[in-house]
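Here's the structure, in structure tokens; my notes come after.
The values are calculated or read from the model by the stated rules, or taken from the named source; none is laboratory data. Nothing here was measured: the structure is a model prediction, and the numbers come from that model. Neighbour counts run over all protein chains shown; Cβ positions are idealised from the backbone, glycine included. Side chains are part of the model used for accessible areas, which takes the heavy atoms of the whole protein and leaves out ligands, DNA and RNA. Shrake-Rupley method; radii C 1.70, N 1.55, O 1.52, S 1.80 Å.
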Amino acid sequence: ILDVLCQSVLYGGDEEMRHTAVGPLLQGAATCEGYAQAVALVCRMKGIPCGVIIGNATDNAGRTDRHAWNLLRMNGYTLLDLTWNDQNGIGLNTRWYYGLSSRQMAADHLPDAGQNIPHCGEQDNWHAQRGLVIATEAELLSALQMFSREGQINLRFADSVLYARAAHDTHALLDDFNRACPQDAFYGAYSIVHSDAQQCVILQRTE
């Protein structure tokens, strides 16, 4: 459901309907509030309890602005920000904000006071469910082998030092990988996007 919304909706516009579920579902464009309202409506239609949270969010460049995201109940309570997953400018659905815990979302999202928001765990996290949370050198090495074979990886880091190497010293990291695993060495061009707050990295082959 969420991937289809990402594929079909563009962020933008300030018309009244872009702030409601009508914008994304019928017009194909929305503000963050419109995204959140559409997620809530579609999830409820599928029998998934879902509400909208209003507050402030700070982006990767340090800019803070008013924002809206979602609280869902699946295996437990979990948090979602579809607007920030949908990076139309670079053609990506990052999935960095699928199934976040209260702790993870608090890294860059601050809800307004007075909202009844239960504690959310990490059981529905997109990366955790797919074994894409990196906590050790061995896990990072295995992920880079996958990148060399498949041309793309989307990782969340539990270790800040490993995250810094992957996000901010990528060229040196790949050089080390090529020396350690010559049979899987990667020498092509690549692009990288990352979130310091969420400690997430996407590497993509660009050749």
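Right, Ala172: touching a helix residue (DSSP H, G or I) at 6+ places or on another chain (Cβ under 9 Å), surrounded by fewer than 16 Cβ atoms within 10 Å (Cβ to Cβ), without any contact (Cβ under 8 Å) to a residue 12 or more places away in the chain and not polar (S, T, N, Q) or not?
yes
Would you mind stating whether Gly51 is part of a strand (DSSP E or B), at pLDDT 95 or above and farther than 30 Å from Cys181 by Cβ?
Here the answer is yes, as Gly51 does meet what is asked.
For the stretch 27-47, state whether one or more residues are within 26 Å of His119 (Cα to Cα), outside any helix (DSSP H, G or I) and of a type outside the set (Ser, Thr, Tyr).
Yes - at least one qualifying residue is present in the stretch 27-47.
When you check Ala21 against the structure, is it over 19 Å from Gln115 (Cβ atoms), open to solvent by 10 Å² or more (accessible area, probe 1.4 Å), touching a Leu at 6+ places or on another chain (Cβ under 6 Å) and without any contact (Cβ under 8 Å) to a residue 24 or more places away in the chain, yes or no?
yes
Residues that are over 15 Å from the mean Cα position of the chain (by Cα) and within 27 Å of Ser101 (Cα to Cα): list the helices (runs of 4 or more DSSP H) wholly contained in the stretch 135-202 that include at least 2 such residues.
By residue number, 137-150, 160-168.
Taking only the stretch 55-90 into account, find how many residues are closer than 24 Å to Asp196 by Cβ, of a type outside the set (Asp, Glu) and surrounded by fewer than 17 Cβ atoms within 10 Å (Cβ to Cβ).
13
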